[in-house]
Amino acid sequence: MDNERYMGHLNLCEIDLPGQRALASARVLIVGAGGLGSPVALYLAAAGVGTIGVADADTVGISNLQRQIMHGTPDVGTPKTESARRAMTRVNPDVVVLTHDMMVDASNIEPLLEGYDVVADCCDNFPTRLLISDTCARLGKPLAYAAVDRFSGQLFTQLPGHRTMRDIFGAEPRADGDCGCARRGILNAAVGVAGSLQAAEVIKIITRTGDPLSDRLMTFDLVTMDFNIFSL
């Protein structure tokens, strides 16, 4: 392990060498390599998470670049998983990046999740989020969830035996359904805030540091700069 690379963590008594070793041994799956997946992937790679899987079936489009900072103009038309792999290994060549160029659904999610310790839900539709939550609960996998809409966002962490997405949001999508960030409009920095907080939750789970957002929901609004945490 390159102690100089991870000096920032090693100087934190809450993480230190045992925590950094835990990060190096961890396997994290990121579902979605878009706006949320970008900061999550880059921060986890920089943190030294040993193995990071990225699952996404999409290719990079020009409209993605306003908020999906892991990708650049030369990546347009490239599978997002491959663009993500290049970006993450550029940040930290010691990280093993596993690409899953696939749409996650009920037929493949269980064998996919079984190979990882922690899951980060960075997808953009409610049915997939619910499927991830249900599968993590069944397999006993910790899950860090985040979502954004226009100027706002929300996060929570699902630990085995605790509240799940069904407990918080119910079993059906909102009446207006899901639509893409570009169609509804999205402040790019809102995605960065949510993704950074989500990455912090993953690191806390792995290093057993602090209090994850288990049984709590955090919301923020960057117009008013209101941040709230609700106990569930």
Self-check item: Residues being in a helix (DSSP H, G or I), open to solvent by 10 Å² or more (accessible area, probe 1.4 Å) and touching a helix residue (DSSP H, G or I) at 6+ places or on another chain (Cβ under 7 Å) - total across the range 1-22
Solution: 5
Exercise. Identify the single condition in (1) open to solvent by less than 20 Å² (accessible area, probe 1.4 Å); (2) among the charged types (D, E, K, R); (3) under 20 Å from residue 221 (Cβ atoms) that residue 150 does not satisfy, given that it satisfies every other one.
Key: (1)
Quiz prompt | Test: residue 32 is more than 18 Å from the chain's Cα centre (by Cα) and open to solvent by less than 70 Å² (accessible area, probe 1.4 Å) | solution = no
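State whether the residues of the range 153-173 include one that is open to solvent by 30 Å² or more (accessible area, probe 1.4 Å) and part of a strand (DSSP E or B).
yes
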Quiz prompt | Of all residues in the range 106-139 being farther than 23 Å from residue 83 by Cα and in contact (Cβ under 8 Å) with a residue 40 or more places away in the chain, the one that is surrounded by the fewest Cβ atoms within 10 Å (Cβ to Cβ) | solution = 127
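Residue under question is residue 71, and the condition is that it be within 17 Å of the chain's Cα centre (by Cα), open to solvent by 10 Å² or more (accessible area, probe 1.4 Å) and under 20 Å from residue 195 (Cα atoms); does it hold?
It is true that residue 71 is within 17 Å of the chain's Cα centre (by Cα), open to solvent by 10 Å² or more (accessible area, probe 1.4 Å) and under 20 Å from residue 195 (Cα atoms).
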Quiz item: within 18 Å of residue 163 (Cα to Cα) and in contact (Cβ under 8 Å) with a residue 60 or more places away in the chain - does that describe any residue in the range 199-211?
Solution: yes
Self-check item: Selection count, the range 23-60, where residues are assigned to a helix (DSSP H, G or I) and either at pLDDT below 95 or on the phi > 0 side of the Ramachandran plot (or both)
Solution: 0
Exercise. All but one of (1) touching a Pro at 6+ places or on another chain (Cβ under 9 Å); (2) modelled with pLDDT under 95 hold for residue 12, so report the exception by its number.
Key: (1)
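Of a type outside the set (Asp, Glu), in contact with a strand residue (DSSP E or B) (Cβ under 8 Å, 6 or more places away or on another chain) and open to solvent by less than 50 Å² (accessible area, probe 1.4 Å): does that describe residue 44? Break it down into steps so the answer makes sense when it comes.
Working: of a type outside the set (Asp, Glu): yes; in contact with a strand residue (DSSP E or B) (Cβ under 8 Å, 6 or more places away or on another chain): yes; open to solvent by less than 50 Å² (accessible area, probe 1.4 Å): yes.
Judged against the criteria, residue 44 is a match.
Okay, residues lined up against (1) at pLDDT 95 or above; (2) aliphatic (A, V, I, L, M):
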{"residue": "143", "(1), (2)": "yes, yes"}
{"residue": "151", "(1), (2)": "yes, no"}
{"residue": "160", "(1), (2)": "yes, no"}
{"residue": "168", "(1), (2)": "no, yes"}
{"residue": "189", "(1), (2)": "yes, yes"}
{"residue": "194", "(1), (2)": "yes, yes"}
{"residue": "201", "(1), (2)": "yes, no"}
{"residue": "214", "(1), (2)": "yes, no"}
{"residue": "218", "(1), (2)": "yes, yes"}
Practice problem: Say whether the condition of being in a helix (DSSP H, G or I) and surrounded by 18 or more Cβ atoms within 10 Å (Cβ to Cβ) is met by at least one residue in the range 89-105. | Solution: no
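The values are calculated or read from the model by the stated rules, or taken from the named source; none is laboratory data. As the structure is a computational prediction, the values presented were derived from the model and not from experiment. Heads up, the Cβs are rebuilt from the backbone with ideal geometry, glycines too, and the neighbour counts pull from every protein chain shown. With ligands, DNA and RNA removed, areas are computed over all heavy atoms of the protein, side chains included. Shrake-Rupley method; radii C 1.70, N 1.55, O 1.52, S 1.80 Å.
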